[in-house]
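Student: Before anything else, here's the structure in question.
The values are calculated or read from the model by the stated rules, or taken from the named source; none is laboratory data. What you see is a predicted model; the values in this text were computed from it and never measured. A quick note on method: Cβ atoms are made from the backbone with ideal geometry, for glycine too, and the neighbour counts reach across all protein chains shown. We work out accessible area using only protein heavy atoms, side chains counted, and drop any ligands, DNA or RNA first. Shrake-Rupley method; radii C 1.70, N 1.55, O 1.52, S 1.80 Å.
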Amino acid sequence: GLELSHCVGASSLGPAMPWRSGGPCKMKRVRTVFKPEQLERLEQEFLKQQYMVGTERVDLAATLHLTETQVKVWFQNRRIKWRKQSMEQKAAKLSQFRVIEPATADSTDIKDHEEDTVDVEL
């Protein structure tokens, strides 16, 4: 599964903490760096469907020379990015069409206007 870097020694912030083991040091997962061709294919697949599961994920991972977990996590992160962009676009549209509402008249103004009106029967 995950690639781990070498043991990280104690830092100035305090003693090293074990990473999911009883070992004396903290292991840090190496961040996956995708090749441009891999990213292009992942983006193409995301445009078709936002959820990649089962044999489709296994096949895509094999085609791209990635692990199934790397593909799964990429799709999870891409969905988060997609939702965030959607929310920002909605907020931008709302702020673009937002109109400042006129100040509401207080009750004394309304009474004055009511007294000025005259009902006329025809």
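Student: Does Lys28 count as open to solvent by 100 Å² or more (accessible area, probe 1.4 Å) and at pLDDT below 95?
Tutor: Yes; evaluated as a whole, the condition is true for this residue.
Student: If we keep just the residues of the range 53-79 that are surrounded by 10 or more Cβ atoms within 10 Å (Cβ to Cβ) and farther than 20 Å from Lys35 by Cβ, which is modelled with the lowest pLDDT?
Tutor: Val53
Student: Pull out all pairs, ordered by first then second residue, where Cβ-Cβ is under 7 Å, the residues are six or more apart or on different chains, the first lies in the range 58-77 and is over 14 Å from Arg31 (Cβ atoms), and the second is in a helix (DSSP H, G or I) and among the acidic types (Asp, Glu).
Tutor: Short answer, once both residue conditions are applied: Val58/Glu68; Leu60/Glu45; Ala61/Glu68.
Student: So, Ser107, is that one open to solvent by less than 100 Å² (accessible area, probe 1.4 Å), within 28 Å of Glu37 (Cβ to Cβ) and at pLDDT below 95 or not?
Tutor: no
Student: Enumerate the pairs (first residue in the range 31-46 and under 14 Å from Thr63 (Cα atoms) and outside any helix (DSSP H, G or I); second residue anywhere and at pLDDT 95 or above and among the polar types (S, T, N, Q)) with beta-carbon separation below 6 Å, excluding pairs fewer than 6 apart on the same chain, so at least 6 apart or on different chains.
Tutor: Final answer for the pair search is none.
Quick grid of which residues meet (1) open to solvent by 50 Å² or more (accessible area, probe 1.4 Å); (2) among the hydrophobic types (A, V, I, L, M, F, W, C); (3) at pLDDT 90 or above:
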residue: Val8; (1), (2), (3): yes, yes, no
residue: Leu13; (1), (2), (3): yes, yes, no
residue: Ala16; (1), (2), (3): no, yes, no
residue: Arg20; (1), (2), (3): yes, no, no
residue: Glu37; (1), (2), (3): yes, no, yes
residue: Gln44; (1), (2), (3): yes, no, yes
residue: Leu47; (1), (2), (3): yes, yes, yes
residue: Tyr51; (1), (2), (3): yes, no, yes
